[in-house]
1. I want to confirm something. Restricting to region 35-58 and keeping residues that are polar (S, T, N, Q) and open to solvent by less than 90 Å² (accessible area, probe 1.4 Å), which single residue is modelled with the lowest pLDDT?
2. Which of the residues spanning region 77-108 are in contact with a helix residue (DSSP H, G or I) (Cβ under 7 Å, 6 or more places away or on another chain) and among the charged types (D, E, K, R)?
3. Given the criterion surrounded by 16 or more Cβ atoms within 10 Å (Cβ to Cβ), modelled with pLDDT of 90 or more and hydrophobic (A, V, I, L, M, F, W, C), identify the matching residue among 132, 98, 94.
4. Only one of 61, 81 is open to solvent by less than 20 Å² (accessible area, probe 1.4 Å) and in contact (Cβ under 8 Å) with a residue 40 or more places away in the chain. Can you tell me which?
5. I'd like to know if region 101-114 contains one or more residues that are assigned to a loop (DSSP other than H, G, I, E, B) and open to solvent by less than 70 Å² (accessible area, probe 1.4 Å).
6. Return the residues of region 28-58 that are within 17 Å of the chain's Cα centre (by Cα), assigned to a helix (DSSP H, G or I) and in contact (Cβ under 8 Å) with a residue 24 or more places away in the chain; say none if nothing qualifies.
7. Output the residues belonging to region 152-180 that are in a loop (DSSP other than H, G, I, E, B) and either farther than 20 Å from residue 39 by Cα or open to solvent by 30 Å² or more (accessible area, probe 1.4 Å) (or both).
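The values are calculated or read from the model by the stated rules, or taken from the named source; none is laboratory data. Note that the coordinates shown come from a computational prediction; the quantities given were computed from them, not determined experimentally. Reconstructed Cβ throughout: ideal geometry from the backbone, glycine too, with neighbour counts over all protein chains shown. Note: accessible area is taken over every heavy atom of the protein model, side chains too, but ligands, DNA and RNA are not part of it. Shrake-Rupley method; radii C 1.70, N 1.55, O 1.52, S 1.80 Å.
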Amino acid sequence: KTQFTKLLVQIEGLSRLIEDLRVISLMNSGELRINVQKTNLSTEIKLLTDLSVNMLHEAHQYVVLNLTTEPVMCDPTRIRQALLAILENASKYAHSGAIKITTKLKGDFCYLSVEDSGPGISPDLIPHIFCAFHSAKDNPKSGSGLGLAVVAAIANAHQGNVSCRISDTGGTVIEICWPA
């Protein structure tokens, strides 16, 4: 890479870090506002995954989509931001292979889940992964520890929640749920 390209990548990383800190700060002060509107979530997810192809390709990962086409109420920009944070996490920590993104409507709620190919998160870390500045400190690839805290902030702003579990195949499943 040229020096210029390296600088652009660093600037993009800093911009994302600043935005993550801003979201966490707004959440902590109760000021995180969202613009809820009727949204075709499948269109928004396809747009984001198309833009994330290179990042996932570098991690030898690919996306498998199972999406509902029914419109839901959400802030599409914030949901894309949350999904990007989850995908970035998977690209750093998950094995190569499929990243399954699923949406479903159940009752009055929308569920957006992302499942990777493993190795899964240690059960003792699961209760802490959505806390700001908590990352796998012993992992050389660990980031700022803000990404999944941003996901939790966005889920909370939607009057919803986020959860993490180990899948039947040993991967990590992160699921956001909010009133549809």
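1. Among those that are polar (S, T, N, Q) and open to solvent by less than 90 Å² (accessible area, probe 1.4 Å), it is 52.
2. 78, 80, 88 - these are the residues of region 77-108 that are in contact with a helix residue (DSSP H, G or I) (Cβ under 7 Å, 6 or more places away or on another chain) and among the charged types (D, E, K, R).
3. Numbers: 132 fails: modelled with pLDDT of 90 or more; 94 fails: modelled with pLDDT of 90 or more.
The conditions single out 98.
4. Criteria check complete, one pass: 61.
5. Looking for residues that are assigned to a loop (DSSP other than H, G, I, E, B) and open to solvent by less than 70 Å² (accessible area, probe 1.4 Å), one finds none in region 101-114, hence no.
6. 41, 42, 44, 45, 47, 48, 49, 55, 56
7. Initial filter on region 152-180 (in a loop (DSSP other than H, G, I, E, B)): 158-160, 167-171, 180.
Listed by number, the residues that qualify are 159, 167, 168, 169, 170, 171, 180.
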